[in-house]
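Below is one structure, written out as structure tokens; comments come after it.
The values are calculated or read from the model by the stated rules, or taken from the named source; none is laboratory data. These figures come from a predicted structure and were not determined experimentally. Every residue, glycine as well, gets a Cβ built from its backbone with ideal geometry; the counts of neighbours run over all protein chains shown. For accessibility, only protein heavy atoms count, side chains too; no ligands or nucleic acids. Shrake-Rupley method; radii C 1.70, N 1.55, O 1.52, S 1.80 Å.
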Amino acid sequence: MRAILKKHFGYEEFRPLQADIITHVLARRDALVLMPTGGGKSLCFQLPALMSAGMTIVVSPLISLMKDQVDALRANGIAAAQINSAVEGAAIGEIKRQAESGRIKLLYVTPERLAIPSFRAWLKTLAVSLIAIDEAHCISEWGHDFRPDYRTLCTLRPYFPGVSVLALTATATDRVRRDIIKQLRLSQPRIFVSSFNRPNLTYTVRPKRNAFPVLVDLLRQDPHASAIIYCFSRTGTEKLADKLRRQGFVAEAYHAGLDSETRRQTQERFIRDETRIIVATIAFGMGIDKPDVRLVIHYDLPKSVENYYQETGRAGRDGLPSQCFLFWSYGDVMKHRFFIREIENPAEQQRVEEKLQQMVQYCEQRSCRRQFLLNYFGEQWTADDCRGCDICLPSVAPDVASMPAPTFDRELFEQLRQLRTMLADQRRVPPFVIFGDRSLQEMATYYPQNLASFARLYGVGQRKITDFGPQFVQLIRRHTADKNLKELARPIWREREAADTDIVSATYEETKTLVKQKLSIAEIAKRRGLVTGTIMGHLEKIHRIDPALNLDYLRPESTRLAKITAAFKKTGGMSLSPVREILGEEYSYDELRLARMFVRS
Ligand code: ADP
Ligand code: ZN
């Protein structure tokens with residue numbers, strides 16, 4: 001399973017619960033998965049999809065979310081497709097044909113589509129291995145995102161007997177959880193609940209005095225970091241966005257009063273890193289799967305702790321350090337009360353007022369913010385010091401906290417970002433589909449000089465090595481050559497070698513057998529009908545995986561090897577061309593490449 005994780009997704013380890021959930025699902029059993037935003041829910045159905053013979057159906061509420069996920073899967077070389085109202089008839093026909101011939105591993109569909117009897121009947125003719133229902137809380141009226149379309153999913157479970165159904169949500173409240181199980185008619189489901197702690201988020205509350213200059217400071221700390229600023233009213237968002245633009249920021253307002261096309265475009269520009277700052281009402285939220293939002297700022301008080309947790313949850317989905325900042329004033333409480341007074345149903349009025357009170361308590365209390373949040377959702381939190389809130393980290397409290405000094409090469413990181421944006425534009429996908437920030441940060445930390453070391457980085461799977469590796473490595477090499485920097489060894493992941501062993505197919509084994517017979521490279525190439533360069537590639541790979549394999553008979557003659565070794569030392573890297581430049585024509589690339597294996601070991 002880990003081998004598949006690295007090969008397709010480029011990750012080394014499972015997050016908590018992922019492996020258990022996957023094993024459970026592969027045993028064809030139902031489950032409900034409760035994990036916070038960014039917890040890694042998608043992988044819980046994507047990996048079983050790859051490991052099962054049939055096709056996995058993924059139900060997802062929003063076309064925009066669906067598109068991003070499908071793009072991300074495809075960039076990893078996984079056969080995923082989507083069927084929804086935005087896909088043209090002809091394209092749907094083609095997708096159906098592919099599904100029928102078993103060429104699609106994951107099919108994303110909207111609940112509306114599943115409501116169509118003929119579509120369901122068609123699905124039933126296929127080998128379906130798993131049904132995943134993302135954002136499952138949408139089926140519950142108790143949730144914050146009830147979608148009537150989700151009700152059509154009630155009959156899905158009995159319609160597909162023998163297929164496991166996996167429901168996933170980030171909703172923390174108990175009532176919604178119970179409702180999901182009931183509505184979806186899950187059969188003896190196992191419930192997986194992960195901690196709702198978001199360790200990479202720092203929570204800060206600050207009095208709302210002189211807020212604008214503080215906000216500007218926060219935003220200036222990292223000039224490229226994506227930020228969402230939540231405001232109470234539509235006009236509030238417009239005014240603040242305008243004020244920020246006058247300070248030179250690329251900021252746009254987003255609220256329910258804008259027409260849907262404007263909203264769609266604004267969202268798209270944000271996801272594509274064209275607009276850095278969104279100033280929004282709570283209308284901005286679902287549909288935002290952007291993994292690298294570094295700042296969520298509440299410029300006005302949220303109306304409940306649920307809202308606050310949900311909104312701050314949009315920061316740092318990729319697990320990198322991110323900040324949640326709340327500006328707090330009593331005046332905002334009054335604004336909320338003004339609307340609460342308008343509520344006609346007294347029970348409802350009281351409920352809303354209580355929610356507001358709890359939010360006030362969060363802001364006023366002098367104990368750990370994280371503890372408050374987790375306790376609010378019924379989770380025990382016992383650590384004395386969360387190391388990530390203004391109470392536990394008093395030094396960051398009074399004014400501006402946004403981030404620990406970056407330990408990676410900022411300049412290279414910016415160049416890598418630009419390359420990422422360019423590739424993303426070419427392919428019409430969001431930049432994070434190419435590589436996430438964490439992958440770029442690792443590139444700007446370890447400076448991989450070749451594809452082998454590039455392949456070790458976080459988020460680099462097999463397909464991305466082929467598709468993007470050469471361009472990124474080239475850029476890194478140019479930078480390191482200019483600045484006279486050296487590659488650093490990334491802590492080696494031992495399991496990776498195991499993964500490689502799996503990937504090594506019969507072709508390597510064949511070459512290995514001939515090596516054991518001590519044949520020359522030319523002879524091996526001849527016998528295998530391959531060129532010597534390919535055989536050399538096999539040798540490098542075999543040598544990396546199995547350093548014990550004796551290649552001594554291929555060792556270049558000692559004076560030549562000494563010269564080559566010296567040349568490698570001089571260049572400071574492992575690339576062939578600078579070495580060839582030093583040594584000249586007398587040494588062939590094949591010889592240098594062969595020698596390199598002995599220089600290393
Ligand atoms: P959720 O749907 O729970 O909000 P996602 O499935 O979008 O979360 O995952 C959040 C991020 O974490 C994504 O960028 C995803 O690729 C990444 N991720 C998921 N599982 C792992 C893992 N095992 N190792 C590293 N990163 C992971
Ligand atoms: Zn704390």
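Structure above, values below:
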item: Descending principal axes extents, segment 141-222, alpha-carbon based, whole Å; result: 59, 27, 24
item: Helix-only mean residue ellipticity at 222 nm for the chain, each DSSP H run of n ≥ 4 adding -39500 (n - 2.57), per residue, nearest 500; result: -14500 deg cm²/dmol
item: P(r) weight above 22 Å for segment 12-162, C-alpha pairs, percent; result: 38
item: Projected label distance in nm at Ala452 and Thr382, using a 7 Å step from Cα toward the beta-carbon; result: 4.7
item: Label zone at Ile4 (point 7 Å along Cα-to-Cβ), backbone N below 18 Å, segment 16-35; result: 16-31
item: Per-residue ³J(HN,Hα) for segment 370-377, Karplus 6.51 cos²θ - 1.76 cosθ + 1.60, θ = phi - 60°, Hz, x for Gly and Pro; result: 5, 4, 4, 4, 5, 5, 4, 8
item: Over segment 127-186, volume per residue of the alpha carbon convex hull, in Å³; result: 72
item: Computed log₁₀ I(q)/I(0) - Debye formula, equal Cα scatterers, no solvent, segment 84-210, q 0.20 Å⁻¹; result: -1.20
item: q = 0.10, 0.17 Å⁻¹, segment 197-301: log10 I(q)/I(0) [Debye, one scatterer per Cα]; result: -0.25, -0.77
item: Rg ratio (alpha-carbon, reference 2.2 N^0.38 Å) - segment 81-122; result: 1.08
item: Rh (Kirkwood; distinct C-alpha pairs) - the chain, Å; result: 26.9
item: Whole-number accessible area per residue in Å² for the chain, which is evaluated in the context of all protein chains at 1.4 Å; result: 45
item: Förster radius 25 Å - calculated FRET efficiency between Asp425 and Arg245 (Cβ-Cβ, nearest 0.05); result: 0.60
item: Calculated FRET efficiency for the pair Thr466/Thr407, C-beta based, R₀ 22 Å, to 0.05; result: 0.15
item: Simple label model, 7 Å out from Cα along Cβ direction - Ala53 to Ala91, nm; result: 3.2
item: Leu393/Glu261 FRET efficiency (R0 51 Å; Cβ-Cβ; nearest 0.05); result: 0.75
item: Partners for Lys570 among lysines (Cα-Cα distance below 22 Å; same-chain residues under 8 apart left out); result: Lys483, Lys486
item: Calculated SAXS-style log₁₀ I(q)/I(0) at q = 0.14, 0.22, 0.30 Å⁻¹ - segment 48-105, Debye, Cα scatterers; result: -0.37, -0.96, -1.42
item: Estimated distance in nm for a label pair at Val599 and Gln221, the labels positioned 7 Å out from Cα along Cα-to-Cβ; result: 4.4
item: Derived scalar couplings ³J(HN,Hα) [segment 185-202; Karplus, 6.51 cos²θ - 1.76 cosθ + 1.60; whole Hz; x for Gly, Pro]; result: 6, 4, 9, 6, x, 8, 10, 9, 10, 9, 5, 9, 5, 10, x, 7, 9, 10
item: Per DSSP, loop trypsin sites (Lys or Arg not before Pro) in segment 303-369 with at most 10 further Cβ within 10 Å; result: Arg366
item: Sulfur and carbon atoms: percent of accessible area, the chain [1.4 Å]; result: 51
item: Rounded D (µm²/s) - segment 510-593, Kirkwood Rh over Cα pairs, Stokes-Einstein at 25 °C, 0.890 mPa s; result: 178
item: Met574 accessible area, assembled protein chains, probe 1.4 Å, Å²; result: 50
